[in-house]
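One structure is given here, and the rest of the page talks about it.
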Amino acid sequence: MRAARTLPLRSTPLAGEALDSWIEVMSAQLRVPIGELLVALGLRGEDEPPAGWAPWMTRLTTHQAEHMAAATGIQTDFLHTMTLQHFDQRALVVDHDRLQVKGSFMWGRGGGSGSRFCPDCLRENEGRWPLIWRLGWSFACLTHRRLLADFCPKCGSRHRKRPHPSQVIPSPGRCDHVSKPADRTPWIRCLHPLAETETMRFGAGHPVLLAQRALLDVITTGVGTFGVYAHNPQPAMSVLADMRAIARRVLLHMPAPRMTRLVPEELVEAHFRAREHNSALARTERRAPLDPGRVAPAYAETTAAGAIAAWNILGQADCRQAAPRMRELLDAIVDRGYWTSPTVTRNWGRHNSPVLESVHLKTIAPTLWPNSALRYRTALPAPSLPTTTPSQLTARAAKIPGVIWPLWAVRLNPVPQVREHLAAALSASLLLVNSRLELPDAVKKVGNLISQPNLTHVLQALRDDDHYEGIQLALIQLTDYLDNHEVPIDYGRRRRLDYTTLLPESEWIALCRRTLTEPGAGTRHQVARCHLFEKISGLPHTRIPDPPRDSSSFRQRRVRIAYVLTPEASAELDQIGRAFLDRNRLGHEPLTWEPPAELLDGPALPRADPADIDLADLHRRVRAGQTSSRIAAELGTDLRTLRYVLGRHPAPAAKPTVYAMERGLKGLHAARLMISKDQLERLYVQQSMPFLTIQREMGISRKALAALAEEYGISRRSHRPRGALDRAWLYEQYVVQRRTLDDIGHETGMSGKAVGGRTRELGIPLRNNRQPRAPRQEFTSAPEVLRPTLGNSYAARRLRVFIQVVRYPTLIEACQTHGINPATLTTQLKRLEDDLGGPLLIRAGRGRQLELTALGQEVVQAVGQWAHTLADQPRETWDRATVRRYKKQRNPRPRPADAPGVDLFPVLLQPAVRTLDGRRRLARFLQAADYPTLATYCRAAGTSKSTMTVQIQHLEQDLRGRLLIRGQRGHRMRLTEFGKQVLAAARPIADLLDDLPA
């Protein structure tokens, strides 16, 4: 090759102009064949024959670039930008060994693939061709807002597919195609002015122009930042690979009607016209393969259609907005019989970006099973394929308790149906996030606390909840935190500890004594032990060694433990737990730990934050004795949240109230607060006061005093020997003086029950409450004859009855006047005569009135003398007592509200349509009338026969007439005449009965 010589006439290349275009312009200006100019520029040897392709258009060698720079005065760096190597690794891939473009990669087009062109640009630039027209992604001119042309309108050839004929002088702006006629005449040049080519034009803001501008920006900058790539910029190669993957499948699978949802209709029509034209050509004359999109499309219309569809998907603001458009493509693929899966995009190309995977996963998220949704983290703005390794999963499992932390179980609690397995299911679910772990393996790693069917059931219940996405986000954020932070507790080791010696009963009783807590009868100890076990181990209480029987009583006490524990008792339990960890060489670990609550602040979750509950109000309600259901309803929360809050912040113990002391409802805790050890020892030991006396003075039950004495270590003295009560003395006091057992017990320091037992042992007959007792002190001045009637209220009442009877001539008249049964009056008088020791009355006979006996006259006279004293006592006469009968308070049954529009119905139907229930009954009657029997209608309507019967009866009561005659065996149900009238009146207005609220 000869040395470089300076050209006599130089031409400056335009910005972005292709190297071959610039050489053709210089050849035309110098009026020399292009082959001679290529030799002068050092691009071809003098003796080298013309080649069918131009490797220098793909890439200049160093020698070629220096030779051209010497001949033209253009810098070598600028010369390199005029070759396709300028777009290497941005819009195409250059094979440096073969000096060719890899055409199947990213729709790259090499020097032998030709170039599109803009007719208006060729007219304005005098036939100069920008380099970017050679790219497969160039399909529109942004300056003139029109589609690029592919072929010469006269000869139909593609331009710049081969180098310009070396023996002729180029004609810029004209078709350079050379053809040989069939009659072997010399070669003929087309030379058609390309500026006259017609292509589609578009208005400003058309999707064709927007998509072209986005692609050119990616190619120019080398980075994709539009649409879904805004938050995760990707290299241009990856972005174009994504565009090609989507565009190819749009062109291959989407029919015209569906494609119009992503591509403008006029462009879809143009694409399918080009496709039909190409298919109609002979195989050797086809301009593009039948599989559109495998390589760069031959038609600008096809390129534009595929690029716009891909841009319409990837150009959205995020993956969530791109998903509905991507769904159109996936539905078309499925309709063609192809399958789709979370990893199918890996088969769409080797250089696709993770953003395309995210869009695909976001699209299929609604169809995924809950475990797959966690695996691919579809709730994130950009889902991705799992990346967690097995070693990372093992480390994560050691950071997760068997049942998830209480706060997380409370906040993520969706529906009551899954509460039993929710905490264990959530723990296992944490191992599914961003991992390929299957359900059985996840359950096994956290202790096999839940079966696979139950885990699946819980995950499905979570998916059905309105806050499903928030639940997923919370689990994903928790998993990221666990993977990136150290956890102070090794839950795998906690699960393997031996908890047999945790909180023995003696330790629980000592705790209760120190904290003034009721120890219970054994069940509370088991509940407290399970409570501490769950707190330390992170396992459910069923895994504790020697678990208690799962009875309803145990379950109730277990959920009530948070309401029972006081701050002092809870702190003591924690100390016992710390001592247990120390014995197992885990003193360096905290007793409990929870992830930061801030991880739950962002997502929308089923339950509110427990921190929003007013602790002071909650503690006041708990110690006031309100039921947990009422507290939850008034505070606007649920029972599980209340238990969590009380578990973290126990309610302080309430002080004994005066009301409780008056009722004597003092337990051991109240007794401790009311009497100290020194006080009890002084009263019981030093002053020898029995528990009964102490009970009367301080209002503490004897059982509580006995338990407190045992707790304080005060030795109990032996019971009073039964022989201490002499029979003669007891007989004198109880029988002769008629003192009560309680009165005798108060004197002797014994209970009335103990005195009664001794009385039976000594053979002294016990009197009932109707037998006279010794008169009270205020009656000791009464006349001797009246004293037997003043021992109890019944005898005194009978005495008053007798005084009033003697005013009437006969007993019958007295009974009729006061409305009392004669037999009752006779019985009362007979008992009074028994008390006083003789008859008082001589009954009235024919012609004879009621008369008093001598004893009766003495009694009446004594009552008259002592009447002033008797009048000061409660007057209990024999008149019919005004008994206050307390009726059971029933909530008044709410009357159904009147339904609107009653005037729109006929008068006959108005009694039945005043309420919505009545209208529903009438509507059912109209439907049932078309069936042979009520049973047939009930089967068709899915209701019970008894319910329908009651509704018909209520309707008949409303309308005050019988409507139906029931069908019997072999006979249809018939309407009565009244039923026919109702049916005729209701048929025209049936539409008014259809639109009823549920």
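The values are calculated or read from the model by the stated rules, or taken from the named source; none is laboratory data. Bear in mind the structure is a predicted one, so any value in this text is a computation, not a measurement. Every residue, glycine as well, gets a Cβ built from its backbone with ideal geometry; the counts of neighbours run over all protein chains shown.
Being assigned by TED's automatic domain parsing to the domain that holds residue 502 and not aliphatic (A, V, I, L, M) is a property that does not hold for residue 602.
Tallying residues that are buried (at least 18 other Cβ atoms within 10 Å of the Cβ), assigned to a loop (DSSP other than H, G, I, E, B) and at pLDDT 90 or above within segment 590-605 yields 2. Residues in segment 908-942 that are exposed (fewer than 15 other Cβ atoms within 10 Å of the Cβ) and outside any helix (DSSP H, G or I): 3 in all.
In segment 325-354, which residues are modelled with pLDDT of 90 or more and touching a Ser or Thr at 6+ places or on another chain (Cβ under 8 Å)? Hits for segment 325-354 are 326, 327, 330, 333, 334, 342, 352, 353, 354. Taking segment 614-645, which residues are outside any helix (DSSP H, G or I) and of a type in the set (S, T, N, Q)? Hits for segment 614-645 are 626, 627, 637. All of (1) surrounded by 14 or more Cβ atoms within 10 Å (Cβ to Cβ); (2) modelled with pLDDT of 85 or more hold for residue 957 with one exception: (1). Selection within segment 681-738: residues that are of a type in the set (D, E, K, R) and at pLDDT 80 or above. The member of this set that is surrounded by the most Cβ atoms within 10 Å (Cβ to Cβ) is 681.
When residue 220 is tested against (1) polar (S, T, N, Q); (2) within 21 Å of residue 118 (Cα to Cα); (3) surrounded by 17 or more Cβ atoms within 10 Å (Cβ to Cβ), just one condition goes unmet, and that condition is (3). Among the residues of this structure, residue 561 counts as one that is part of a helix (DSSP H, G or I), in contact with a His (Cβ under 9 Å, 6 or more places away or on another chain), surrounded by 13 or more Cβ atoms within 10 Å (Cβ to Cβ) and on the phi < 0 side of the Ramachandran plot. The helices (runs of 4 or more DSSP H) located wholly in segment 791-838 that include 3 or more residues which are within 30 Å of residue 739 (Cα to Cα) and more than 60 Å from the chain's Cα centre (by Cα) occupy 793-805, 822-836. Counting the residues of segment 10-42 that are on the phi > 0 side of the Ramachandran plot and either surrounded by 23 or more Cβ atoms within 10 Å (Cβ to Cβ) or assigned to a helix (DSSP H, G or I) (or both) gives 1.
Here the condition is being surrounded by fewer than 16 Cβ atoms within 10 Å (Cβ to Cβ) and either of a type in the set (S, T, N, Q) or within 26 Å of the chain's Cα centre (by Cα) (or both); of 343, 363, it holds for 343 alone.
Counting only helices (runs of 4 or more DSSP H) that fall entirely inside segment 331-442 and contain at least 2 residues that are closer than 29 Å to residue 240 by Cβ and free of Cβ contacts under 8 Å to residues at least 60 places away in the same chain, the qualifying elements are 354-364. Quick check, is residue 165 closer than 14 Å to residue 20 by Cβ, surrounded by fewer than 21 Cβ atoms within 10 Å (Cβ to Cβ) and not assigned by TED's automatic domain parsing to the domain that holds residue 240? Yes. One residue stands out among those in segment 246-269 that are surrounded by fewer than 21 Cβ atoms within 10 Å (Cβ to Cβ) and in contact (Cβ under 8 Å) with a residue 60 or more places away in the chain: the one that is nearest to residue 147 (Cα to Cα), which is 266.
Looking across segment 43-58, the residues that are of a type outside the set (A, V, I, L, M), closer than 23 Å to residue 127 by Cα and buried (at least 16 other Cβ atoms within 10 Å of the Cβ) come down to 55, 56, 58.
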